[in-house]
Structure formats: C-alpha cells, structure tokens
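Read the structure below first, then the notes.
The values are calculated or read from the model by the stated rules, or taken from the named source; none is laboratory data. Note that the coordinates shown come from a computational prediction; the quantities given were computed from them, not determined experimentally. Backbone-built Cβ (ideal geometry, glycine too); neighbour counts: all protein chains shown. Just the protein is used for accessible areas: all its heavy atoms, side chains included, with ligands, DNA and RNA removed. Shrake-Rupley method; radii C 1.70, N 1.55, O 1.52, S 1.80 Å.
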Amino acid sequence: MIGRMSTMQFSLGGVNNILDAQAQVARLQEQLGTGKAILTPADDPTAYVQLTNLKTELSRVESYQKNISALTSALSFEEAALTTANGLLLRVRELTIQGQNGTLSDSDRSAIASEIDTIRDQLLGIANTQNADNEYIFAGSASTATAYSDAGVFQGDSVIRQVNIASGIRVGEGHSGSEVFESVSDGDNLFTVLDNLTLALTDNDQEAVSSSFVGVENAIEQLSTVRTS
C-alpha cells in the first residue's frame with residue numbers, strides 16, 4: 001500500500017528544504033566572504049588537518065621572519081658602530097706613523113698624542129653604544145650596564161643572545177666587547193694600547209710607540225674579522 005504524505009508532513013518537508021537551502025547559501029556566502037572552503041573538520045577531515053598544520057607552519061615562519069627582521073636591524077646597528085670605529089683606528093694608525101718620525105718636536109708629538117686621546121674617548125663611546133632599547137650592544141648578556149668603564153675596563157661578558165631564524169638555525173645577535181676590543185696586544189685591550197701609545201709619544205719613547213703601533217694594527221685586523229663575521 002502506498003502511503004500518502006499528509007499536508008502537515010509536506011509543509012514541514014518544504015520548510016526543512018528551504019532551511020537547508022538557506023543554510024547552504026549562508027555557508028557559501030561565508031566561504032566566499034572569508035575565502036575559506038574548509039570551515040570545520042566535517043567539511044574535509046584530512047584537508048582540515050593539513051590546513052591546521054599549514055597554519056601552524058605559517059605562524060612559525062612569520063615568527064622566523066620577525067626574528068630575521070629584528071636580527072638584521074641589530075646587526076646593521078652594530079655594523080654602523082664598527083664602521084665608525086674602523087675609520088677612527090685607521091686615523092690612529094696614520095697618527096702613529098707620524099709619531100715615529102724622529103724629527104718631530106715635543107709640541108708635535110704632544111699634538112698627536114692629544115688627537116689620539118680624543119679618538120680614544122670616541123672609541124670608548126662606540127664601545128658603550130646603546131640600541132633603541134637602551135641596551136649596551138657590546139656588553140654581552142650584561143647589557144643593562146655600560147660595557148666599558150671610563151678607564152677602558154671591560155665590564156660585560158661574552159654571552160651573546162641567540163635568535164632562531166629557521167628550524168634548527170640560531171644566529172648570534174651581535175658581538176661582545178670581548179671579541180671586538182679585548183686582547184688586541186699581549187692581553188691588553190684597545191684602550192690600554194691607546195693609553196700606552198699617548199704616553200709613549202709624550203715621553204718620546206720610540207720603542208714603546210712601535211710596540212703600540214703593532215697593537216693598533218692588531219686591533220684593526222680584529223675589528224675587520226668581526227665585521228666580516
């Protein structure tokens with residue numbers, strides 16, 4: 001016997017069909033509006049898992065990109081400081097060569113020593129360079145305090161912050177003063193070398209001037225190595 005659908009059933013069926021159609025239209029509109037074809041796991045379980053993994057990977061990549069941007073900025077900041085320091089050291093080398101001229105008068109040597117003293121103070125300022133966050137970039141992990149005292153004594157450490165730039169790849173955020181300005185000549189740092197140089201010029205101690213010249217050359221080479229790295 002073939003059953004008959006009552007008017008009520010027919011009406012309810014029609015309403016349900018309309019509601020289903022409206023839901024589908026709303027869903028399509030949402031997909032069109034968001035640009036997403038998969039809104040819930042039920043749409044396509046396998047694709048949804050892949051999409052979730054992709055979102056996680058994209059988030060990780062975005063984090064790496066932010067780290068790379070911050071690292072590039074930090075290294076560019078350091079590069080500018082080292083470039084200035086290199087120019088100052090080249091001037092010290094030029095002055096030291098002049099100071100080895102035995103025909104110079106006391107006043108000539110004094111003038112050279114005075115200029116080197118001024119450059120020494122400028123280099124000390126560079127060694128105590130701060131970034132936008134007021135951190136001393138050459139102080140290592142002790143970046144809240146000055147890297148060098150007024151006497152040119154290193155007060156930082158050699159610990160460098162490492163930054164993730166890709167899976168399994170970490171890069172140092174810069175260099176410590178221990179790599180840049182320390183141990184340039186017989187264990188002495190750059191500032192001790194310059195202090196000894198000005199004293200040698202003032203005393204007309206040519207042997208000490210020559211010794212200090214070697215220290216200046218070593219400092220230039222060390223600085224160049226750091227810039228290259």
Next on the checklist: Contact list please: Cβ distance under 6 Å, first residue in the range 152-178 and more than 23 Å from residue 188 (Cβ to Cβ), second residue among the basic types (Lys, Arg) and open to solvent by 40 Å² or more (accessible area, probe 1.4 Å), pairs at least six apart or on different chains.
Outcome noted: 162/170; 164/170; 173/161
Next on the checklist: I want to confirm something. Restricting to the range 174-202 and keeping residues that are out of contact with any helix residue (DSSP H, G or I) (no Cβ under 9 Å at 6 or more places or on another chain) and modelled with pLDDT of 95 or more, which single residue is surrounded by the most Cβ atoms within 10 Å (Cβ to Cβ)?
Outcome noted: 176
Next on the checklist: Quick test for you: out of 214, 159, 153, pick the one residue that is touching a strand residue (DSSP E or B) at 6+ places or on another chain (Cβ under 8 Å), surrounded by fewer than 22 Cβ atoms within 10 Å (Cβ to Cβ) and not acidic (Asp, Glu).
Outcome noted: 214
Next on the checklist: I need the full set of residues from the range 150-199 which are outside any loop (DSSP other than H, G, I, E, B), over 30 Å from residue 66 (Cα atoms) and of a type in the set (Gly, Ala, Ser), in order please.
Outcome noted: 185
Checklist outcome for this item: With criteria (1) surrounded by 13 or more Cβ atoms within 10 Å (Cβ to Cβ); (2) out of contact with any helix residue (DSSP H, G or I) (no Cβ under 7 Å at 6 or more places or on another chain); (3) in a loop (DSSP other than H, G, I, E, B); (4) at pLDDT below 60, residue 3 comes up short on (1)
Next on the checklist: If a residue must be part of a loop (DSSP other than H, G, I, E, B) and either surrounded by fewer than 18 Cβ atoms within 10 Å (Cβ to Cβ) or without any contact (Cβ under 8 Å) to a residue 40 or more places away in the chain (or both), how many such residues does the range 116-149 contain?
Outcome noted: 16
